[in-house]
1. Can you give the extra length, in nm with one decimal, that the chain gains between residue 13 and residue 66 once fully stretched, where that is 0.36 nm per residue apart less the Cα-Cα distance?
2. Among all stretches of the chain without exposed GluC sites (Glu not before Pro) (DSSP loop, at most 10 other Cβ atoms within 10 Å), which one is longest?
3. How many percent of the accessible area of the chain is carbon or sulfur, using a 1.4 Å probe?
4. Please count, across the chain, the pairs of lysine residues with Cα atoms under 29 Å apart that sit 8 or more places apart or on different chains.
5. Among (1) 1.12; (2) 2.82; (3) 1.70, find the value of Cα Rg over 2.2 N^0.38 Å that was calculated from the structure presented, and write down its label.
6. If you count only protein heavy atoms with a 1.4 Å probe, what accessible area per residue comes out for the chain, rounded to a whole Å²?
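The values are calculated or read from the model by the stated rules, or taken from the named source; none is laboratory data. The model shown is predicted, which means the values in this text are computed figures rather than measured ones. Note that we place each Cβ from the backbone using ideal geometry, even for glycine, and neighbour counts take in every protein chain shown. When the accessible area is computed, the model is the full protein with side chains, heavy atoms only, and any ligands, DNA or RNA have been set aside. Shrake-Rupley method; radii C 1.70, N 1.55, O 1.52, S 1.80 Å.
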Amino acid sequence: MPQEIIFKESKSNAKIRREIRKIEFLAKKDAEREFNQELKKAFWRHENPRQQLQNFQRQIVVYANLFMNYRKKQQKQKIIEQRARIDAYFYN
């Protein structure tokens, strides 16, 4: 009949494992707390009327720059097409 071998962990190993689990748990809890604080700050900044005004003003500037770049590209394209037409008249 086979014999069963039972291993019992010593008390010191159990204490060390408990401490490790406790440290991991506290580290996870601290990280979660920091994340929640950052989330609160981000939410406050988003809901703050002054911040909303700044964001709106930045968006206006960005859209104006995009529009002006688009206009410049259109004008350059028109000039290129006009030069091509003029060249076509002279070379034909």
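1. Difference between extended and current length: 12.6 nm.
2. No qualifying site falls inside 10-92, the longest such stretch.
3. 58
4. 12
5. Here Cα Rg over 2.2 N^0.38 Å agrees with entry (2).
6. It amounts to 109 Å² per residue over the chain.
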